[in-house]
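K.L.:
Mind having a look at this structure? Questions to follow.
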Amino acid sequence: MKLGFITSILDGWTYEQMMDFASEQGFECVEVACWPEEKAERRYAGVSHIDVANLDEKKAAEIKQLCQEKGVEISSLAYYPNTLEPDEKKRNSYISHLYKLMDASVLLGVNMITTFIGRDSKKNVDEN
């Protein structure tokens with residue numbers, strides 16, 4: 001088991017600043033926040049340390065190189081929207097962005113994303 005944290009707690013920090021902090025504090029891995037570029041609707045949402053929508057092989061190589069230099073692994077790419085959102089346009093945008101995380105995860109060699117399965121707010125826990 002490795003000790004890490006979700007990077008959304010470092011809102012406003014660059015990827016490089018976040019990795020410096022993780023390394024200096026002795027963390028072994030990070031769950032990297034990858035929200036789309038948009039205004040946050042709740043605390044910790046909207047934070048993005050990797051722009052997966054515009055990730056290419058060159059940028060992925062730079063990200064992996066910094067991981068090696070700092071001795072900090074990316075354990076997963078994180079995005080926690082409500083995929084059961086009743087508004088179809090919002091829901092589809094959330095799902096579309098999740099696919100971008102999947103592609104980025106492969107490009108980075110992480111092969112793991114973390115997300116929220118979703119919840120219909122009109123139903124109780126058992127119904128969901």
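K.L.:
I'm checking my understanding of the structure. Among residues of the range 75-128 that are in a helix (DSSP H, G or I) and among the acidic types (Asp, Glu), which one is farthest from residue 47 (Cα to Cα)?
P.N.:
88
K.L.:
Just for the range 89-104: of the residues that are polar (S, T, N, Q) and without any contact (Cβ under 8 Å) to a residue 40 or more places away in the chain, which one is least open to solvent (accessible area, probe 1.4 Å)? Before the answer, list the steps.
P.N.:
Start the filter on the range 89-104 by keeping residues that are polar (S, T, N, Q), which leaves 92-93, 96.
The next check asks that each one be without any contact (Cβ under 8 Å) to a residue 40 or more places away in the chain; those that pass are 92, 96.
On the way: 92: 79, 96: 54 Å².
This residue is 96.
K.L.:
Out of everything in the range 1-21 that is farther than 25 Å from residue 100 by Cα and in contact (Cβ under 8 Å) with a residue 40 or more places away in the chain, what residue ends up being least open to solvent (accessible area, probe 1.4 Å)?
P.N.:
Among those residues, the one meeting the criterion is 20.
K.L.:
Oh, and also: What are the pairs with Cβ atoms under 7 angstrom where one residue, in the range 105-122, is farther than 18 Å from residue 86 by Cα and the other, located anywhere, is of a type in the set (D, E, K, R) and exposed (fewer than 13 other Cβ atoms within 10 Å of the Cβ)? Sequence gap at least six, or different chains.
P.N.:
These pairs meet every condition: 107/57.
K.L.:
Being at pLDDT 95 or above and in a loop (DSSP other than H, G, I, E, B) is the filter; apply it to the range 15-37 and report the residue that is farthest from residue 75 (Cα to Cα).
P.N.:
25
K.L.:
What's the number of the only condition in (1) closer than 24 Å to residue 3 by Cα; (2) of a type in the set (A, V, I, L, M, F, W, C); (3) free of Cβ contacts under 8 Å to residues at least 40 places away in the same chain; (4) assigned to a helix (DSSP H, G or I) that residue 66 fails to meet?
P.N.:
Looking at each condition in turn, residue 66 falls short on (3).
K.L.:
Of everything in the range 62-88, what is at pLDDT 95 or above and open to solvent by 60 Å² or more (accessible area, probe 1.4 Å)? Give them in sequence order.
P.N.:
Matches in the range 62-88: 62, 64, 65, 68, 69, 70, 73.
The values are calculated or read from the model by the stated rules, or taken from the named source; none is laboratory data. These figures come from a predicted structure and were not determined experimentally. In this analysis, Cβ positions are derived from the backbone assuming ideal geometry, glycine residues included, and neighbour counts consider all displayed protein chains. Surface accessibility is based on the protein's heavy atoms, side chains included, excluding ligands, DNA and RNA. Shrake-Rupley method; radii C 1.70, N 1.55, O 1.52, S 1.80 Å.
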